[in-house]
Amino acid sequence: MTHGEVTAGTTHVVPHHFDSPEQAFEASKLGIWLFLVTEILLFGGLFVVYIIFRALYPEMFHEASHHLNKVLGGINTVVLICSSLTMALAVDRTRQNDSPKANQYMLMTLFFAACFMIIKYVEYSHKFHEGLLPGANFTFEAIQHPKTPLFFSLYFMMTGLHGIHVLAGMGLITWVLWRSNKGQFSSAYYTPVELVGIYWHLVDLIWIYLFPLLYLIG
Amino acid sequence: MVHKEKKHKGHAKAYIKVWVALLVLTIITVVVSYYNFGTWNILVAMLVATVKGALVCLFFMHLLYDNRVNQVVFVSAFAFLGIFVGLTASDELFRTTEKAVVVAQEASTPSGADMNKLRVASPQLVEKGKQLYSVQCAVCHGAAGKGDGPGAPALNPKPRDFTSGYWRFGGQPTHVFKTISEGSPGTAMAAFGTLGVEERWSLVHFVRSIAPNPPDDKPEDLAALGGDKKTDQGPGTMDQGLQKPVQQIPISFAMKRLAKEEMAASDVAVLPEGKQAEGLGEKLYQANCLSCHGLSGKGGVPITRISVNPPVYLKTKDFAKADGAWVNDKNVFVDIVTKGLPGRGKPGIAHFSSGEWDSLYQYVQSLR
């Protein structure tokens with residue numbers, strides 16, 4: 001494949017500052033991995049807060065965690081794992097020049113992501129109703145420990161930030177699906193699918209830690 | 001695009017295996033969380049999460065087949081995360097000033113101190129005791145030993161008035177020494193076994209010096225002293241409600257922390273000097289309720305300690321913010337006050353006549 005050649009069935013042109021499509025692909029991948037590092041450190045800040053406060057108030061974390069719904073949290077974990085699988089399969093199909101199948105897998109991924117958000121909505125509205133919101137809105141009284149709002153503020157911040165990532169992921173998958181539907185991807189060029197896939201797995205990865213840390217304390 | 005794995009017919013099979021593994025691991029963490037293995041719970045949960053995370057990274061994100069640079073970049077994120085967590089925790093979780101204080105005091109204990117010499121009062125010992133007393137004991141027993149320190153009104157039984165001549169456990173030097181070392185279980189009189197032997201004896205002599213005609217040791221007291229090695233072996237129990245001593249914090253230090261951190265926002269739990277009650281209700285309130293609910297019923301007074309470090313207390317609430325049925329119904333009020341709220345640190349107080357209940361109810365209403 002020569003420099004700037006239009007690849008089969010697509011309108012994609014390798015940017016002129018790259019020597020080859022491989023180099024362009026590798027550069028994009030390095031970019032997404034660097035982005036994931038910043039993501040991990042972004043969530044890392046919240047994890048540090050979590051670790052410190054859990055060490056200071058272990059009994060409170062223990063008690064407060066019982067007010068989260070293990071079952072819904074567990075279902076959401078399974079839903080995200082399934083979405084990760086379908087996304088991985090979508091990337092795999094694209095690479096095998098099987099765009100129709102890939103599109104189906106992406107639709108399934110979107111479906112799982114939507115399920116995740118709906119379950120999250122059910123959980124959140126229940127928590128709002130109980131008066132577990134941070135700050136002055138905290139009116140929950142069933143737990144005596146005066147530092148209880150801390151746990152729920154952390155819960156909302158961590159799952160909220162994660163939820164925003166899920167929404168962003170849904171937007172990205174929709175974009176890739178739209179392009180794929182127009183036949184822009186093939187084994188020759190599928191960088192966006194690959195990168196969105198990697199991002200989507202990170203969203204799953206973070207939930208894998210959030211779930212036991214928030215829902216499964218003791 | 002040439003790719004290392006291109007020879008394979010796709011990864012579908014491997015992905016499905018990984019997916020099954022992830023589901024099984026999820027079930028394992030959930031099941032484990034229903035059993036209590038102490039600290040093992042969190043370790044198992046984190047181990048499983050890490051295995052799951054590794055599967056996702058290596059296969060779904062195909063980091064396993066990716067080039068070395070990407071692998072190093074991604075793993076470096078966790079190294080930085082480790083530094084982030086490690087440095088923060090090493091600062092935040094090891095700020096234990098209390099321990100330093102106790103260690104310093106234990107180091108000052110004269111080992112094998114000569115009890116017989118210390119047992120005899122000397123002006124130096126009394127002077128030393130006086131200084132220690134003003135730091136360690138005056139909060140409760142009062143500067144002049146009249147049992148009227150700033151902490152006294154909140155206590156029941158009241159701290160001993162040393163000028164009264166009454167001794168519950170005896171005023172002989174060895175007896176007072178024992179009281180100071182072991183405290184009076186069930187009262188606010190804590191065990192001061194963390195003080196050095198010489199310090200404790202100096203306190204004995206000072207306390208006796210302000211008491212009228214304190215009795216001397218009898219031969220049997222001295223015999224008990226010789227046999228009872230326990231007295232010079234230091235720490236008795238600090239928290240009498242528990243089997244083991246929790247954390248030996250000098251009471252002065254605890255008081256200081258209490259005053260600084262916990263009392264700051266609370267109502268005055270002490271009757272200011274010279275304040276006269278105007279009616280029966282107010283008088284009853286001041287005598288029975290003020291020590292917990294505060295002078296003006298604003299609450300915020302720490303009642304039960306529910307965490308050790310940092311200390312966190314269960315506090316009374318502001319009457320004005322109450323919306324329980326007692327606000328409109330005297331019978332409910334009488335019921336709550338008579339029975340107390342077990343488990344929330346509220347004792348049942350029932351010794352009022354019906355007229356007194358009326359005035360008390362009116363007065364508490366007026367505080368709202």
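The values are calculated or read from the model by the stated rules, or taken from the named source; none is laboratory data. Nothing here was measured: the structure is a model prediction, and the numbers come from that model. Neighbour counts are summed over all protein chains in view; Cβ atoms, including those assigned to glycine, are modelled from backbone coordinates with ideal geometry. SASA here: full protein model, heavy atoms, side chains in, ligands and nucleic acids out. Shrake-Rupley method; radii C 1.70, N 1.55, O 1.52, S 1.80 Å.
Conditions first: (1) on the phi > 0 side of the Ramachandran plot; (2) open to solvent by 10 Å² or more (accessible area, probe 1.4 Å); (3) without any contact (Cβ under 8 Å) to a residue 24 or more places away in the chain. A:N97 passes all but one, so which condition is the exception? Unmet for A:N97, out of (1) on the phi > 0 side of the Ramachandran plot; (2) open to solvent by 10 Å² or more (accessible area, probe 1.4 Å); (3) without any contact (Cβ under 8 Å) to a residue 24 or more places away in the chain: (3).
Of the residues that sit in the stretch A:33-42 and are within 9 Å of chain B (Cβ to nearest Cβ) and of a type outside the set (D, E, K, R), which one is farthest from A:W200 (Cα to Cα)? Give the steps one after another, and end with the answer.
Kept after step one, since they are within 9 Å of chain B (Cβ to nearest Cβ), are these residues of the stretch A:33-42: A:33-34, A:36-41.
When the remaining residues are screened for being of a type outside the set (D, E, K, R), the result is A:33-34, A:36-38, A:40-41.
On the way: A:W33: 12, A:L34: 15, A:L36: 11, A:V37: 14, A:T38: 15, A:I40: 13, A:L41: 17 Å.
Per the criteria, the residue is A:L41.
Picking from residues in the stretch B:276-316 that are surrounded by fewer than 16 Cβ atoms within 10 Å (Cβ to Cβ) and modelled with pLDDT of 80 or more, the one that is nearest to the other protein chains (Cβ to nearest Cβ) is B:S296. The C-beta contact set for the stretch A:12-26 (first residue farther than 17 Å from A:S186 by Cβ, second residue modelled with pLDDT of 80 or more, distance under 6 angstrom, 6+ apart or interchain) comprises A:F18/A:A24. Has the stretch B:85-96 got at least one residue that is open to solvent by less than 50 Å² (accessible area, probe 1.4 Å), within 22 Å of A:E59 (Cα to Cα) and assigned to a loop (DSSP other than H, G, I, E, B)? Yes, that holds for at least one residue. The sole residue among A:N103, A:N76 that is at pLDDT 90 or above, under 23 Å from A:Y199 (Cβ atoms) and surrounded by fewer than 21 Cβ atoms within 10 Å (Cβ to Cβ) is A:N103. Only residues that are open to solvent by less than 40 Å² (accessible area, probe 1.4 Å) and either facing chain A (nearest Cβ under 7 Å) or not aliphatic (A, V, I, L, M) (or both) were counted across the stretch B:50-72, and they come to 9. For the stretch B:159-169, the count of residues that are at pLDDT 85 or above, farther than 20 Å from B:V126 by Cβ and open to solvent by less than 50 Å² (accessible area, probe 1.4 Å) is at least one. Can you confirm whether A:V78 is out of contact with any Gly (no Cβ under 9 Å at 6 or more places or on another chain) and in a helix (DSSP H, G or I)? So A:V78 fits the description; yes. B:C140 fulfils the conditions (1) open to solvent by 20 Å² or more (accessible area, probe 1.4 Å); (2) outside any helix (DSSP H, G or I) except for a single criterion, (2). Looking at A:H145, A:H165, A:H129, just one residue is more than 11 Å from chain B (Cβ to nearest Cβ) and farther than 23 Å from B:T26 by Cβ, and that residue is A:H129.
Give the residue that is farthest from A:L154 (Cα to Cα), with candidates limited to residues of the stretch A:17-27 that are surrounded by 16 or more Cβ atoms within 10 Å (Cβ to Cβ) and more than 9 Å from chain B (Cβ to nearest Cβ). Reasoning before the result, please.
Start the filter on the stretch A:17-27 by keeping residues that are surrounded by 16 or more Cβ atoms within 10 Å (Cβ to Cβ), which leaves A:18, A:21, A:24-26.
After this cut, where a residue has to be more than 9 Å from chain B (Cβ to nearest Cβ) as well, the list is A:18, A:24.
Working: A:F18: 44, A:A24: 40 Å.
Of everything passing the filter in the stretch A:17-27, A:F18 is farthest from A:L154 (Cα to Cα).
Can you confirm whether B:Y35 is outside any helix (DSSP H, G or I), closer than 30 Å to A:A90 by Cβ, at pLDDT below 90 and not assigned by TED's automatic domain parsing to the domain that holds B:L222? No.
Every residue, every condition in (1) within 14 Å of another protein chain (Cβ to nearest Cβ); (2) open to solvent by less than 10 Å² (accessible area, probe 1.4 Å); (3) not in a helix (DSSP H, G or I), yes or no:
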site: A:F151; (1), (2), (3): yes, yes, no
site: A:W175; (1), (2), (3): no, no, no
site: A:Q184; (1), (2), (3): no, no, yes
site: A:L195; (1), (2), (3): yes, no, no
site: A:I198; (1), (2), (3): yes, yes, no
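Could you say whether any residue in the stretch B:14-33 is open to solvent by less than 40 Å² (accessible area, probe 1.4 Å), facing chain A (nearest Cβ under 7 Å), of a type in the set (A, V, I, L, M) and under 22 Å from A:L34 (Cα atoms)? So far as the stretch B:14-33 goes, no, none of its residues is open to solvent by less than 40 Å² (accessible area, probe 1.4 Å), facing chain A (nearest Cβ under 7 Å), of a type in the set (A, V, I, L, M) and under 22 Å from A:L34 (Cα atoms).
The number of residues in the stretch B:317-328 that are exposed (fewer than 13 other Cβ atoms within 10 Å of the Cβ), of a type outside the set (D, E, K, R) and either closer than 15 Å to A:A142 by Cα or free of Cβ contacts under 8 Å to residues at least 24 places away in the same chain (or both) comes to 3. Whenever a residue of the stretch A:28-56 is surrounded by fewer than 17 Cβ atoms within 10 Å (Cβ to Cβ), its partners that are of a type in the set (F, W, Y) and part of a helix (DSSP H, G or I), lying with C-beta atoms within less than 7 angstrom and at least six residues away or across chains, give the pairs A:L41/B:F80.
Every test in (1) at pLDDT 95 or above; (2) more than 25 Å from the chain's Cα centre (by Cα) is passed by A:T7 save one, and that test is (1). Of all residue pairs spaced 6 or more apart or on separate chains, those with beta-carbon atoms under 9 Å, a first member in the stretch A:58-79 that is more than 9 Å from chain B (Cβ to nearest Cβ) and more than 13 Å from A:L213 (Cα to Cα) and a second member that is of a type in the set (K, R) and part of a helix (DSSP H, G or I) are A:H67/A:K127; A:L72/A:K120; A:N76/A:K120.
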